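Structure first, then comments.
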Amino acid sequence: MRNMIDESNIKFELLRNDVKRDLLDYLKEFNYLEISKEIQIIDIKIIDDLRKVYTGPGFYIILLDEQFADNNCNFSFDDCTAIYRGHSYSVRDRLKSHLFNSEYNNFDFKNKVKYTVCLKFEEGIQGINLNEEPYCNYSWKVIIHKMKGSNKLIREQVELAFDEIYGRPFKSKER
């Protein structure tokens, strides 16, 4: 059994590297200025803007029209810079947990995942509320790569590929 586990780990690592390499190529070549069914680019001002967001699995980038000295990520679009990137089985719910956290936490989680680690600007406070100061004073944008049929392992490789190309956004904290 031990040999089988060791061999399986080697095979998995090789496959993971192949998937990441393919995703690196995809992200490097992706043109965000071209209209594509593969992505959504949405300005987020109020919670109703989230209704436009894809509900399935995907990779997302949260952008803001503010520069931060400690942000080493160089991904930008439309005068906004990436401050966070992540993935989820349900992109809409995940973005709600990050950007409208109070509203999100009022939800009945009987049949849904409750996200407890969210975009953090203040120590000890998970998530923000775009309808409150100071966040309502900024322009927020999300870019979503739709990844229907993907699993967590594939979506994690997109995060790693993004970080390798652009640098990890400063608000993306790995556990």
Next item on the list: Out of S97, S150, S102, report the one residue that is assigned to a helix (DSSP H, G or I) and over 14 Å from the mean Cα position of the chain (by Cα).
Entry: S102
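Can you confirm whether the range 21-31 contains a residue that is part of a loop (DSSP other than H, G, I, E, B) and under 15 Å from the mean Cα position of the chain (by Cα)?
no
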Notebook entry, point to check: For the subset of the range 155-175 comprising residues that are part of a loop (DSSP other than H, G, I, E, B) and touching a residue at least 60 places away in the same chain (Cβ under 8 Å), which member is surrounded by the fewest Cβ atoms within 10 Å (Cβ to Cβ)?
Noted result: G167
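State yes or no: is F12 at pLDDT 90 or above, closer than 24 Å to Q157 by Cα, out of contact with any helix residue (DSSP H, G or I) (no Cβ under 8 Å at 6 or more places or on another chain) and among the aromatic types (F, W, Y)?
no
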Next item on the list: Return the total of residues in the range 42-56 being assigned to a loop (DSSP other than H, G, I, E, B) and either hydroxyl-bearing (S, T, Y) or farther than 15 Å from S88 by Cβ (or both).
Entry: 4
Check: R85 versus (1) surrounded by fewer than 16 Cβ atoms within 10 Å (Cβ to Cβ); (2) basic (K, R); (3) touching a residue at least 40 places away in the same chain (Cβ under 8 Å): which is the lone unmet condition?
Finding: (1)
Notebook entry, point to check: Would you call K152 modelled with pLDDT of 90 or more, surrounded by 15 or more Cβ atoms within 10 Å (Cβ to Cβ) and of a type outside the set (S, T, Y)?
Noted result: no
Margin query: Just to verify a result, which residue in the range 110-142, among those that are touching a Leu at 6+ places or on another chain (Cβ under 7 Å) and either assigned to a strand (DSSP E or B) or of a type in the set (D, E, K, R) (or both), is surrounded by the most Cβ atoms within 10 Å (Cβ to Cβ)?
Written below: V142
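The values are calculated or read from the model by the stated rules, or taken from the named source; none is laboratory data. Quick caveat: nothing in here was measured; it's all calculated off a predicted structure. Backbone-built Cβ (ideal geometry, glycine too); neighbour counts: all protein chains shown.
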